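Notes follow the structure.
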Amino acid sequence: MKLSVVLATYNEEKNLRDCLKSVKGIADEIIIVDGESSDSTVDIAKKFDAKILIVPNQPIFHINKQIALEQAKGEWILQLDADERVDEELKQAIKGVSSRTQGDSLVNGYYLKRKNFFLGTWLKKGGQYPDPVIRLVKKGHAHFPSQSVHEQIVVNGTVDTLPGHLLHYTAPTFDRYLRNSNRYTSLTAAELKKQHLSFTLFNWLKYLIWKPKVTFFSLYIRHKGFMDGFPGFIFALFSSLHWATSYIKYWELCHVKKMH
């Protein structure tokens, strides 16, 4: 078996079909680790002859991604999110890697360049392109630390880059973007609580003013997000608010009693 395609899913009925269609013809097996979806995600996966493992959903989704990696039997593993698609150029590049004889290359992983779709357009600036992510790895040479929502796969050995693109539809609508943002800021707040971050004037200024200002300047000015027009401005603005929102949620976790 040459190539395993692995995904961790939870309520991805709107995305999964197009994702799996994009790897048709190159996947020798498809592994789906599903976090007890309540929609038709599992039914869609069955139509693609995927091997499905149902497990509890996890706040740190990389835990289920690691389980998916461990289930794969291919010499190479392509790890995808359900809101991603493999374009034709990348598909052929992956096919070329997986068809090589094992041991032909010292490379154990590959960065894939990712395009991010936001407010009806592909972001070209603002640090959002080429947005490289490690997604193609040699079996037994990579793992997810499963400690943070923002982490990459860790590869033991050399990592190269493939031509072509992953097409990322994480925020096809602004409503979806806000829902994702709400989840990510809650996870960051939980991480701050684990760190027992103190509530000092310094930290208030750091998280409510300084970090948002630095993030906005970095994305919009340094990385030229202004060249993406209105979507570029909105992306930089709401990305900068991640820190303030997370800190307020952290304060709420520590000071506000839940209503029953």
In the set PHE226, PHE216, PHE202, which member is at pLDDT 95 or above, hydrophobic (A, V, I, L, M, F, W, C), farther than 23 Å from ASN116 by Cα and assigned to a helix (DSSP H, G or I)?
PHE202
Residue set THR215, THR200, THR158; condition more than 23 Å from HIS255 (Cα to Cα) and in the same structural domain as TRP251 (by TED's automatic domain parsing); output residue THR215
Search result, residues across region 22-71 that are without any contact (Cβ under 8 Å) to a residue 40 or more places away in the chain and of a type in the set (Lys, Arg):
LYS24, LYS46, LYS47, LYS51
Within region 21-64, tally of residues that are more than 18 Å from VAL137 (Cβ to Cβ), assigned to a loop (DSSP other than H, G, I, E, B) and either small (Gly, Ala, Ser) or not assigned by TED's automatic domain parsing to the domain that holds LEU166 (or both):
7
Please verify whether region 149-160 includes one or more residues that are assigned to a strand (DSSP E or B), surrounded by fewer than 16 Cβ atoms within 10 Å (Cβ to Cβ) and hydrophobic (A, V, I, L, M, F, W, C).
yes
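Condition (residue is of a type in the set (Phe, Trp, Tyr) and buried (at least 20 other Cβ atoms within 10 Å of the Cβ)) applied to region 41-53: is it met by at least one residue?
Checked against the condition, which is being of a type in the set (Phe, Trp, Tyr) and buried (at least 20 other Cβ atoms within 10 Å of the Cβ), region 41-53 yields no hits at all.
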Within region 114-133, how many residues turn out to be surrounded by fewer than 17 Cβ atoms within 10 Å (Cβ to Cβ) and in contact with a Pro (Cβ under 6 Å, 6 or more places away or on another chain)?
1
Given the options ASP131, ASP175, name the one that is out of contact with any helix residue (DSSP H, G or I) (no Cβ under 7 Å at 6 or more places or on another chain), at positive phi and not in a strand (DSSP E or B).
ASP131
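Across region 107-154, which residue is farthest from the chain's Cα centre (by Cα) among those that are in contact (Cβ under 8 Å) with a residue 40 or more places away in the chain and farther than 29 Å from THR185 by Cβ?
The selected residue is VAL107.
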Filter region 65-85 down to residues that are more than 14 Å from the chain's Cα centre (by Cα) and outside any helix (DSSP H, G or I) and give me whichever is surrounded by the fewest Cβ atoms within 10 Å (Cβ to Cβ).
LYS73
Regarding GLY96, is this residue at pLDDT below 95, closer than 16 Å to ASP160 by Cβ and outside any loop (DSSP other than H, G, I, E, B)?
yes
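The values are calculated or read from the model by the stated rules, or taken from the named source; none is laboratory data. Being a predicted model, the structure only gives us computed values, none of them experimental. Cβ coordinates were reconstructed from backbone atoms using ideal geometry, including for glycine residues, and neighbour counts include every protein chain displayed.
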